[in-house]
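Undergrad: Structure incoming, see below.
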Amino acid sequence: MLRRLAAVAALALFAVTLSFADDIQLREVTEDAVTAVLPPLPQGDTAIAAGEAPTAVPPNTFVDEIREVRSSVELLGLGPELRIVGNKVFDGSILTAKKIRFAPGARLIFTNTARSRRNTLIVVTEQMINENQERPGTITWDRHTSAPEGGGLGGEGVPGSNGGDRSGGNGGPGGSGAAGRRGSAGESAPNILIVSKSAPAPGGIVIDFRGQNGGKGGVGQKGGRGGKGGSGRPASQTLFNCSRGAGDGGTGGAGGRGGNGGPGGAGGRGGQVSFFTVAGNLPALSQRFTVHNSGGTGGDGGAAGAGGEGGDGGPGGQEQRPLCRGNGSQGRKGANGPNGGPGTKGANGAAGDFLNRSTS
């Protein structure tokens, strides 16, 4: 019964003329506005292209989605051919048109508003037309390249204590810096279901539903400054001789270790890409698209925090004339603390599934 229902619902879509569901129009955005959000596909990006078969799914997989498409089409009616030029953003979760034609390099971008309506976005058409295979059209989502970075903590670790006054004591070591914040996890891509009566002509349309990359970890905090060395003891004399010469100043405390960089955020999961078509057209349909739905790359670890500065040496003790001549020596500066380690890279997101289904 479910198999028959899916077939009837799908075939009913093409018995009427097509339009936008959700009654929301396409909007154009500038190339500069999109470049930061949707960069070109990297070299070597994993793709499911022509010749690689998607996974077949059970007959009842898309029944609910097909019911919703049919209801939207019956309610709003259907529009004429739609031509995508430049970068077009779409706020609706279901886009339908009798034919969808892509100008060279054009991109159809589903917004976060569309994704908030439902996690499975739907495109319904009799056929997609790619005007230039060298610069194919793309269907994608509003995916900023990477999630926000973890950010640095600022400041530095707790400073070391100062050496005792007039005792020549050494300064205490600075405290270690805190680790940087973890980068934000990348957002998972929405899913997309493409319902089409026939395969794209001539083919090569890109479906880019990769997960968002994780954010970079924050910079580790700087180590605390070493404490200042204490001042040397002053000289002491009696009526007849110098009983104690001026003491040297204390050594400054060592700087604290810098904090480790924050770990990178995990990459988002790639979206599930699904095709639904009439029997006999499935092989041609799935082979005419290039699908990119890998998980986002884990964010890089944050940079190591710098070691804290060594504390200043304490001043030498004062002479006492006439019998105790000469001030004590200035104490040595403390050693700078070591830098922290870099943050660990975030985990890569899981790839989305690639599914298909045909009516009988």
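Undergrad: Out of everything in segment 122-180 that is among the hydroxyl-bearing types (Ser, Thr, Tyr) and modelled with pLDDT under 90, what residue ends up being farthest from GLY226 (Cα to Cα)?
TA: First pass over segment 122-180, keeping only residues among the hydroxyl-bearing types (Ser, Thr, Tyr): 125, 138, 140, 145-146, 161, 167, 176.
Pick out the ones that are also modelled with pLDDT under 90 and you get 125, 145-146, 167.
On the way: THR125: 70, THR145: 41, SER146: 38, SER167: 18 Å.
Result: THR125.
Undergrad: Please specify each residue of segment 295-333 satisfying the condition of being crowded, with 24+ Cβ neighbours inside 10 Å and of a type in the set (S, T, N, Q).
TA: Of everything in segment 295-333, just one residue is crowded, with 24+ Cβ neighbours inside 10 Å and of a type in the set (S, T, N, Q), namely THR297.
Undergrad: Still on this model: Restricting the search to segment 117-174, which residues are of a type in the set (Gly, Ala, Ser) and more than 28 Å from the chain's Cα centre (by Cα)?
TA: Within segment 117-174, GLY157, GLY160, SER161, GLY163, GLY164, SER167, GLY168, GLY169, GLY171, GLY172, GLY174 meet the criteria.
Undergrad: Does GLY317 count as modelled with pLDDT of 95 or more and either under 30 Å from LYS197 (Cβ atoms) or of a type outside the set (Val, Ile, Thr) (or both)? Give the derivation first.
TA: Numbers: modelled with pLDDT of 95 or more: no; either under 30 Å from LYS197 (Cβ atoms) or of a type outside the set (Val, Ile, Thr) (or both): yes.
Answer is no for this residue.
Undergrad: So which strands (runs of 3 or more DSSP E) are wholly in segment 168-275 and hold at least 1 residues that are open to solvent by 40 Å² or more (accessible area, probe 1.4 Å)?
TA: On the way: elements: 191-196, 205-208, 242-244.
Where strands (runs of 3 or more DSSP E) fall fully within segment 168-275 and carry at least 1 residues being open to solvent by 40 Å² or more (accessible area, probe 1.4 Å), they are 242-244.
Undergrad: Could you list, in sequence order, the residues of segment 92-131 that are of a type in the set (Gly, Ala, Ser), out of contact with any helix residue (DSSP H, G or I) (no Cβ under 6 Å at 6 or more places or on another chain) and farther than 17 Å from SER196 by Cβ?
TA: Step one: of segment 92-131, the residues of a type in the set (Gly, Ala, Ser) are 92-93, 97, 103, 105-106, 114, 116.
Then drop every residue that is not out of contact with any helix residue (DSSP H, G or I) (no Cβ under 6 Å at 6 or more places or on another chain), which leaves 97, 103, 105-106, 114, 116.
If the condition is that a residue be of a type in the set (Gly, Ala, Ser), out of contact with any helix residue (DSSP H, G or I) (no Cβ under 6 Å at 6 or more places or on another chain) and farther than 17 Å from SER196 by Cβ, then ALA103, GLY105, ALA106, ALA114, SER116 are the ones that fit.
Undergrad: Restricting to segment 79-103, count the residues that are in contact (Cβ under 8 Å) with a residue 24 or more places away in the chain and either of a type in the set (D, E, K, R) or out of contact with any strand residue (DSSP E or B) (no Cβ under 9 Å at 6 or more places or on another chain) (or both).
TA: Total meeting the criteria: 5.
The values are calculated or read from the model by the stated rules, or taken from the named source; none is laboratory data. Being a predicted model, the structure only gives us computed values, none of them experimental. Reconstructed Cβ throughout: ideal geometry from the backbone, glycine too, with neighbour counts over all protein chains shown. We work out accessible area using only protein heavy atoms, side chains counted, and drop any ligands, DNA or RNA first. Shrake-Rupley method; radii C 1.70, N 1.55, O 1.52, S 1.80 Å.
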